[in-house]
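Below is one structure; the comments refer to it alone.
The values are calculated or read from the model by the stated rules, or taken from the named source; none is laboratory data. Note that the coordinates shown come from a computational prediction; the quantities given were computed from them, not determined experimentally. Quick reminder, even Gly has a Cβ in these numbers, built from the backbone with ideal geometry, and neighbours come from all protein chains shown. Side chains are part of the model used for accessible areas, which takes the heavy atoms of the whole protein and leaves out ligands, DNA and RNA. Shrake-Rupley method; radii C 1.70, N 1.55, O 1.52, S 1.80 Å.
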Amino acid sequence: MNTTPTSSAATFFDLKSGLITGDGVEESVKLLSQLEGLFHDEAAWRKMDPETVVYRVRFWRPVPDGTKGGLFWGATYLEPGKVGDEYFMTHGHFHAIRDRAEYYATVSGTGALLLMNEGGQTWSQTMTVGTVHYIPGGIAHRVVNTGNEPLVFLASWPSDAGHDYASIRTAGFGKRILERDGMPCLI
Ligand code: M6P
Ligand code: ZN
């Protein structure tokens, strides 16, 4: 087990914007083109600019990826928008090591956390400023921005959890959040 941080410097996060900064903070960007096959209205997805930024993740890995016993943390900045009647959302994943849990906490914006067990049973929790969400092991998680402003949330997860995206790509989630009469609905 190696849980010695690679750097002793602190990272920072801005309470208002949720922006994480500091030594060793990494950033990844997810474009609409990278979310192929995830939105139900494929024709609508095809008509949009593939370079559209759907979300960014800024994260800090103080120990190497895969380290047993460590923790990572990060913030996700999910843009408002829709593909047809479906709100912008994260890819969603199970953890590669299934029993690993995670925390999400909402900094700004409004949305929904979609949760799904391995049997495909899907439910949701409302995300608004200050809500904290415990995601147990074995549960897939995806965030949907149902508002008009960016949805920003913090996350902390075990450094050996890993991401299993393949199961989501093939089977998806059991339910979607779609706009019906101007309101988000779990369908
Ligand atoms: C959170 C964490 C990250 C994850 C990110 C985006 O910040 O759960 O591990 O990468 O959200 O979600 P996804 O990987 O499903 O695109
Ligand atoms: Zn996760």
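Only one of (1) open to solvent by 10 Å² or more (accessible area, probe 1.4 Å); (2) in contact with a helix residue (DSSP H, G or I) (Cβ under 6 Å, 6 or more places away or on another chain); (3) closer than 20 Å to residue 167 by Cα fails for residue 92. Which number is that?
(1)
Can you list residue pairs whose Cβ atoms sit under 8 Å apart, with the first residue in region 19-34 being farther than 16 Å from residue 46 by Cα and more than 12 Å from ligand 1 (Cβ to nearest atom) and the second being among the aromatic types (Phe, Trp, Tyr) and modelled with pLDDT of 95 or more? Count only pairs 6 or more apart in sequence or on different chains.
Taking only residues 6 or more apart or on different chains, the pairs are 22/60; 24/60; 25/59; 25/60.
Go over the candidates 92, 84 one by one and state the one that is out of contact with any Gly (no Cβ under 7 Å at 6 or more places or on another chain) and either more than 11 Å from ligand 1 (Cβ to nearest atom) or free of Cβ contacts under 8 Å to residues at least 12 places away in the same chain (or both).
Going through 92, 84 in turn, the sole match is 84.
Table: residues versus (1) hydroxyl-bearing (Ser, Thr, Tyr); (2) open to solvent by 40 Å² or more (accessible area, probe 1.4 Å).
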position	(1), (2)
23	no, yes
28	yes, yes
44	no, no
68	no, yes
86	no, no
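Find all pairs meeting these conditions: Cβ atoms under 7 angstrom apart; at least six residues apart or on different chains; first residue within region 132-156 and without any contact (Cβ under 8 Å) to a residue 60 or more places away in the chain; second residue polar (S, T, N, Q).
Here the result reads 133/125; 138/117; 139/117; 142/90; 146/110, each pair linking region 132-156 to a residue that is polar (S, T, N, Q).
How many residues does region 70-109 hold that are away from ligand 2 (no atom under 16 Å from the Cβ), farther than 20 Å from residue 41 by Cα and in contact with a Pro (Cβ under 9 Å, 6 or more places away or on another chain)?
Looking only at that region, the number is 3.
Yes or no: residue 81 of a type in the set (Gly, Ala, Ser) and either under 17 Å from the mean Cα position of the chain (by Cα) or exposed (fewer than 11 other Cβ atoms within 10 Å of the Cβ) (or both)?
yes
Could you grab me the full set of residues in region 137-151 that are within 14 Å of ligand 1 (Cβ to nearest atom) and either farther than 17 Å from residue 17 by Cβ or open to solvent by less than 10 Å² (accessible area, probe 1.4 Å) (or both)? Spell out how you get there, then give the answer.
The initial filter retains those residues of region 137-151 that are within 14 Å of ligand 1 (Cβ to nearest atom), namely 137, 139-145, 150-151.
Residues satisfying the conditions are 137, 139, 140, 141, 142, 143, 144, 145, 151.
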